[in-house]
Amino acid sequence: MLKLFDFNHPFFEPLWRRIAVVVFCIGWGVFEFISGATFWGVLFGGLGLFAGYAFFIAPQEPNVSDD
């Protein structure tokens, strides 16, 4: 099945990158709310919350292949 976001990608292995993605998305959502763009604020805020959940609350085991 095609996944929209691959939270197990090696790019997200360092902790600082995962934190940066979550903080950036939530921060951008707050900026959009302040600017009056409610739709984009909800979109980016939700993406930040979803990424935070996927990275820190329900982490997945990395895929191991038997090549």
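Placing dummy labels 7 Å off each Cα toward the beta-carbon, the span from ALA37 to ILE19 is 2.8 nm.
Placing pseudo-labels 7 Å out from each Cα toward the beta carbon at PHE50 and HIS9 gives an inter-label distance of 1.4 nm.
Coordinate-derived values only; no laboratory data. In this text, all values refer to a predicted model and were calculated from it rather than measured experimentally. Don't worry about glycine lacking a Cβ; one is built from the backbone with ideal geometry, like all the others, and counts go over all protein chains shown.
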